[in-house]
Amino acid sequence: MIGGAASANNARNPVFSAEEHATRLERAEAALAARGLDGMLVFAPESQFWLAGIMPADVPCRMSCLILGGREPVLVTCADSVAAAHCSTIEDVRPWSEREGADPGRAVAAAVLDLGLAGRRLGVETEIPGPGARTQALIAAALEGSCRLITVDDLFPGLMRVRSESEIIYLRRAAELAEDGLEAARDSAAEGCTPGQIVAALQSRMLAQGGGWPGPGFSPTLWPGLISDRRARRGPEPEPPGRRLRWAGVHRHYHAAMMTTMMTAAPDGGVGAEMHAEAIAALHALEGACRPGRSFGAAHEAQTKTLDEMGSGRERQDICGHALGAWFSAAVHPGDLLRAGSRTEIRTGMTLFLRVALRCPQTGIEAGAGRTVLVTPHGAEPLGRELPTPLLLDGPPG
């Protein structure tokens, strides 16, 4: 234990109450026991945040591991990121020094043995953006012969999909921020601003209203290509008259995402407006299909059926949304994806980012519509007030 670690009683600005975190820990321990596991090595930043309020470090850290199975959870993390535990409920934080040749596996193994978990069955997260394959191998090697590691990548995603009342409050505020950003984007488009200026106004408005910075994958982004123009290395090329714009409002790390179409007012045969209308119709079908007891795969099928019945010949993305809450990395657990054949059950209390993304292969025009919804006993409730209407520009969007 180190003196700088904050306890449940003196944590600085905790995101959730100690009581809520205690309930979550009980749920996690019950889920582990149901699988015949004595503990778990938790690496995913979303899992650590949900379980104990641990914030991702603002410095590079090769490995941060939350160990369950002892009397109290223990956090093993690099010394430079100990401050990440200050807002958490973790009292026992054990730093390891990041230096050339350092082996974080030994630090984890020492904590595991100290907790009396030798010879036990421990779950471990592997499908995560945290420690790389080499670090995972070091941990496995250090624990070889001491305990048995069982891959358990679906446990925390399953626990986190149903949101608490506190989480839903944060998500509603995030949705308000997302719509504030959309309003700023509309104002900028009406003033004849460039796409880069529009995106800057969108993000600036959300930040000015007290919003947080979005996690990886949710910075305001235009398709095809980013505002930073990744395509520059390929040289100049014609700009399509329509693109998709995606962004997210953020409150206390909880994200509520939206997607709309940014199109030029120049004549394009009405293709852009037609595609956006198709995306809105398919989005309504998605929302109508997101009812408790149905599956993610059934919701995907509703989108597909609607587009097919409209005779849409547009290219469409295989994934039409995913579970969305606290977000720290660009990775999405496979069970959180709305895709064909998914058996993940839709449950009351889930929050889902539903989106329809279309592309015309003949013209290169992109269009899309999306927003974040809360699943209630009666179906999907949009967290925002309005549909993502398109942004009209005077010139090509990019």
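Checked against the criterion of being loosely packed, with under 14 Cβ neighbours inside 10 Å, closer than 26 Å to residue 30 by Cβ and modelled with pLDDT of 85 or more, region 120-128 contains not a single residue that satisfies it. Per the conditions (1) hydrophobic (A, V, I, L, M, F, W, C); (2) under 17 Å from residue 160 (Cβ atoms); (3) at pLDDT 90 or above, the sole criterion not satisfied by residue 15 is (3).
For residue 259, the conditions (1) within 17 Å of the chain's Cα centre (by Cα); (2) surrounded by fewer than 21 Cβ atoms within 10 Å (Cβ to Cβ); (3) modelled with pLDDT of 90 or more are fulfilled apart from (2). Counting only helices (runs of 4 or more DSSP H) that fall entirely inside region 82-188 and contain at least 3 residues that are touching a residue at least 60 places away in the same chain (Cβ under 8 Å), the qualifying elements are 155-160. Just so you know, in region 138-158 the residues that are β-branched (Val, Ile, Thr) and buried (at least 18 other Cβ atoms within 10 Å of the Cβ) include one that is nearest to residue 105 (Cα to Cα), and it is 139. Of all positions in region 265-277, at least one carries a residue that is at pLDDT below 95, β-branched (Val, Ile, Thr) and over 30 Å from residue 15 (Cα atoms).
May I ask you to verify whether residue 198 is β-branched (Val, Ile, Thr), at pLDDT 95 or above and closer than 23 Å to residue 257 by Cα? Answer is no for this residue. Residues in region 350-376 that are closer than 15 Å to residue 292 by Cα and over 18 Å from the mean Cα position of the chain (by Cα): 376 only. The residue pairs whose first member lies in region 43-57 and is part of a loop (DSSP other than H, G, I, E, B), whose second member is charged (D, E, K, R), and whose beta carbons are closer than 9 Å, counting only pairs six or more residues apart or on different chains, are 43/125; 44/125; 44/127; 44/153; 57/80.
The values are calculated or read from the model by the stated rules, or taken from the named source; none is laboratory data. All values derive from a computational prediction rather than experimental measurement. Virtual Cβ from ideal backbone geometry, glycine too; neighbours counted across all protein chains shown.
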